[in-house]
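A quick write-up on the structure given underneath.
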Amino acid sequence: MIDMDAEKGIDNLRADAQRNLARILTAASEVFAEQGGEASVATVAERAGVGTATIFRRFPTKDDLLAAVIERRFRQLVEDTRRAAEIEQPGDALRQVMLVSVAIYVEDRLVAEAIGTPLFRRPRLRELQAEVTACKEQALRRVQEAGEVRPDVTLADLSLLMAAIGFVGQRLDADAPDAWRRCYHIVFDGLRPEIARPLSGAPVVLKQFGARHDSDASRS
């Protein structure tokens, strides 16, 4: 005979566990976005209203928690980037694709710090990052085929420019929250082919971003 009270008790425990997990991830997303990856698990626990032991039962290491938070943000970024890449006008599509990437860099210190670090060697994060990159490549290819962006610009060039804007925007966000958007549009208008001059220097490749982060980490 099935013990209905026992089954109900198990369901309640499962529901409580799911609520705790949701609170932990929401609190961790907020804390790490505001303070970066150096924020403590204790700060996350306090905001979530749970004990640190509860967090470590779910996430054995702090890196596991960081990876879960980044995965959550990147799942949303994949959706936003894919939607932007499907905008009918190629120029508008690329602008929006790059805009959502810069925005997350400005708004989320953890994501800005983690790009290219060993955290992104985790299979799921590599997959999500690859999906975002594929959408960017699609958007850039479309706009270049339409003749709206100079043909010698690479995705790595754009990534470097967007990272620079995001880096500055993050530091100006409190005092001049819209300054980075102004810079973004200035830079983007400079990509038009009719004002292009020959580029000097070899193009950057995307692998170099990760290599630099890994090198810095090994020296720390």
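A search for C-beta distances below 9 Å between a residue of segment 75-100 that is touching a residue at least 40 places away in the same chain (Cβ under 8 Å) and closer than 11 Å to CYS135 by Cβ and any residue that is among the hydrophobic types (A, V, I, L, M, F, W, C) and assigned to a loop (DSSP other than H, G, I, E, B), counting only pairs 6+ apart in sequence or on different chains, returns ALA93/ILE87; LEU94/ILE87; LEU94/VAL149; LEU94/LEU191; VAL97/ILE87. The criterion of being surrounded by 17 or more Cβ atoms within 10 Å (Cβ to Cβ), part of a loop (DSSP other than H, G, I, E, B) and modelled with pLDDT of 90 or more does not hold for VAL143. Would you pick out the residues in segment 106-127 that are of a type outside the set (Val, Ile, Thr), under 12 Å from the mean Cα position of the chain (by Cα) and either surrounded by 21 or more Cβ atoms within 10 Å (Cβ to Cβ) or not in a helix (DSSP H, G or I) (or both)? Listed by number, the residues that qualify are ASP108, LEU110, ALA114, GLY116.
Residue pairs, Cβ under 8 Å, 6 or more apart or interchain, first in segment 169-188 and modelled with pLDDT of 80 or more, second aromatic (Phe, Trp, Tyr) and part of a helix (DSSP H, G or I). List them. Hits for this filter: GLY169/TYR105; GLY169/TRP180; GLN170/TYR105.
The values are calculated or read from the model by the stated rules, or taken from the named source; none is laboratory data. The shown structure was predicted, so the numbers you read here are calculated from the model rather than taken from an experiment. Backbone-built Cβ (ideal geometry, glycine too); neighbour counts: all protein chains shown.
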